[in-house]
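The structure under discussion appears below in the form of structure tokens.
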Amino acid sequence: MRLSSCVILAAVVALAGCRGQTSSEPPIVPFRGMHEMPRYDVQERGGYFEDGRTMRPEIEGTVAREMEVDSQIDTGLDPEGNYVLSVPTAVVERGGGLEALLRRGQQRYDIYCAPCHSELGDGNGMVSQRAAALGVTFQAANLTDPGFQHMPDGRLYLTIANGVRTMPAYRAQIPVQDRWAIVAYVRALQVARGDAAGATADADNDQLPAGADGCPDQAEDRDGFADLDGCPDADNDEDGLADATDACPLSAGDAAHGGCAGRVSLDATDPTIVRLGATIKFENGRDTLKDTSIAILDEIRAFLVAHPEVVRVSIEGHTDDRGAASVNQTLSERRARVVLQWLVEHGVAGERLQSAGFGSTHPRSDNGTPEGRQANRRVELRVLPPPATEVPAAAAGPGGV
């Protein structure tokens with residue numbers, strides 16, 4: 001006990017004696033390369049990398065922590081560089097539905113936007129009023145004007161993020177999800193003609209506030225097709241066949257195929273393979289279905305309903321070989337489960353389905369080309385043999401037990 005106390009005291013004295021002292025020896029650090037790496041300014045050249053560039057592009061197949069992986073949600077632009085026309089469906093889903101998203105948007109709007117644009121969106125907020133009282137030339141934009149009503153949602157989103165003219169950028173203050181929530185609420189204000197209370201009212205009790213409800217006096221029918229417009233649909237896919245007689249009410253088809261497009265069938269040479277005439281697509285790096293996938297999923301559902309002899313089906317996910325094998329394996333499993341869940345939610349018996357993921361271990365094409373990698377990112381359906389029927393012991397024949 002006395003020895004340990006002496007050691008501790010000696011260490012304290014030694015450390016105290018180092019204070020204020022200088023040394024010509026380099027400090028002791030665990031990773032010297034990182035400690036001694038010089039600081040470079042933007043676009044400055046350096047010798048650390050062979051190409052002399054200090055600014056590095058993102059490593060392919062990776063994203064920064066907490067980074068939004070959907071470029072349309074993050075930038076407000078579609079793949080062609082045009083403004084996104086409406087709030088992305090994934091944003092509404094993340095927000096807990098349109099009603100919850102609008103209420104969140106109203107809260108954020110009142111904090112960041114109402115001081116200038118007013119609670120009604122008419123541009124006569126307290127800042128504008130104070131400017132007028134001081135004789136300063138300033139007038140916030142009237143968000144209910146027709147020019148803003150016809151502006152794409154993506155442009156409104158980017159205006160919040162980057163600012164415009166006298167309006168500062170709010171990128172640092174308002175997260176991505178909240179920017180879209182504000183855009184949704186601004187649209188509701190416009191529809192309600194500046195009536196803040198009316199923008200979030202829900203007279204028909206379909207969980208769609210009046211400001212975003214195309215039919216405020218008719219409840220949405222919630223059938224998985226255009227459920228955010230607020231209007232019931234007798235012919236969801238507008239193919240001329242009423243939903244009641246349409247085998248594929250979520251995807252346009254023709255009468256010859258019962259309202260389907262006829263893109264799902266058993267392979268003529270291998271009846272264990274379900275041929276799909278379209279790809280089931282997901283958001284990049286995620287297990288979120290793209291809207292364009294609903295049509296083919298609807299046809300798969302109709303095929304399974306029309307073919308009860310197909311007793312069991314395996315839904316199998318695959319990826320390309322980019323990224324870590326473990327990540328690809330998990331992603332393929334999750335995507336297959338999402339397809340299974342969609343089919344169950346739309347009327348296919350769960351006992352007929354099973355899901356599996358194979359990562360990049362079953363490539364269909366060459367992973368060395370973009371086209372090959374795209375072909376390898378897929379979900380396939382395979383028919384399984386019916387489960388074996390156990391033979392009762394009494395019927396097992398002579399000698400049966």
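The values are calculated or read from the model by the stated rules, or taken from the named source; none is laboratory data. Predicted model, so just to flag it, every value in this text is computed and none were measured. Quick reminder, even Gly has a Cβ in these numbers, built from the backbone with ideal geometry, and neighbours come from all protein chains shown.
Per-residue answers, yes or no, for (1) within 20 Å of the chain's Cα centre (by Cα); (2) in a loop (DSSP other than H, G, I, E, B); (3) on the phi < 0 side of the Ramachandran plot:
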{"site": "C260", "(1), (2), (3)": "no, yes, yes"}
{"site": "S265", "(1), (2), (3)": "no, no, yes"}
{"site": "R275", "(1), (2), (3)": "no, no, yes"}
{"site": "I280", "(1), (2), (3)": "yes, yes, yes"}
{"site": "A295", "(1), (2), (3)": "yes, no, yes"}
{"site": "A302", "(1), (2), (3)": "no, no, yes"}
{"site": "V305", "(1), (2), (3)": "no, no, yes"}
{"site": "P308", "(1), (2), (3)": "no, yes, yes"}
{"site": "E316", "(1), (2), (3)": "no, no, yes"}
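R322 meets the conditions (1) at pLDDT below 90; (2) under 19 Å from T292 (Cβ atoms); (3) basic (K, R) in every case but one. The failed one is (2). Scanning region 138-168 for residues that are surrounded by 14 or more Cβ atoms within 10 Å (Cβ to Cβ), within 27 Å of the chain's Cα centre (by Cα) and of a type in the set (G, A, S) yields G154, A161. Taken across region 109-122, residues that are in contact with a Pro (Cβ under 9 Å, 6 or more places away or on another chain) and either within 16 Å of I174 (Cα to Cα) or at pLDDT 85 or above (or both) do not occur at all.
E66 falls short of the stated requirement of being at pLDDT 70 or above, exposed (fewer than 10 other Cβ atoms within 10 Å of the Cβ) and not in a helix (DSSP H, G or I).
Could you please find all residues in region 362-371 being in contact (Cβ under 8 Å) with a residue 24 or more places away in the chain and farther than 11 Å from E316 by Cβ? Of everything in region 362-371, those that are in contact (Cβ under 8 Å) with a residue 24 or more places away in the chain and farther than 11 Å from E316 by Cβ turn out to be P363, R364, N367.
If you go through region 38-63 and keep only what is on the phi > 0 side of the Ramachandran plot and at pLDDT below 80, you end up with Q43, G61.
When restricted to residues that are buried (at least 16 other Cβ atoms within 10 Å of the Cβ) and of a type in the set (D, E, K, R), region 104-137 contains 4.
To keep it simple, each residue is scored yes or no on (1) within 13 Å of A188 (Cα to Cα); (2) among the acidic types (D, E); (3) assigned by TED's automatic domain parsing to the domain that holds Y185.
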{"position": "R104", "(1), (2), (3)": "yes, no, yes"}
{"position": "A114", "(1), (2), (3)": "no, no, yes"}
{"position": "E119", "(1), (2), (3)": "yes, yes, yes"}
{"position": "S128", "(1), (2), (3)": "no, no, yes"}
{"position": "A132", "(1), (2), (3)": "no, no, yes"}
{"position": "G135", "(1), (2), (3)": "no, no, yes"}
{"position": "L143", "(1), (2), (3)": "yes, no, yes"}
{"position": "R155", "(1), (2), (3)": "no, no, yes"}
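Let's see how each residue does on (1) touching a residue at least 60 places away in the same chain (Cβ under 8 Å); (2) closer than 12 Å to D287 by Cβ; (3) buried (at least 19 other Cβ atoms within 10 Å of the Cβ):
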| position | (1), (2), (3) |
| --- | --- |
| R312 | yes, no, no |
| V338 | no, yes, yes |
| Q341 | no, yes, no |
| G347 | no, no, no |
| F358 | no, no, no |
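On the given criteria, is R364 in a loop (DSSP other than H, G, I, E, B) and within 30 Å of D74 (Cα to Cα)? Criteria not met by R364. Across region 319-328, the qualifying residues are those that are under 20 Å from the mean Cα position of the chain (by Cα) and in a helix (DSSP H, G or I), and the one among them that is surrounded by the fewest Cβ atoms within 10 Å (Cβ to Cβ) is V327.
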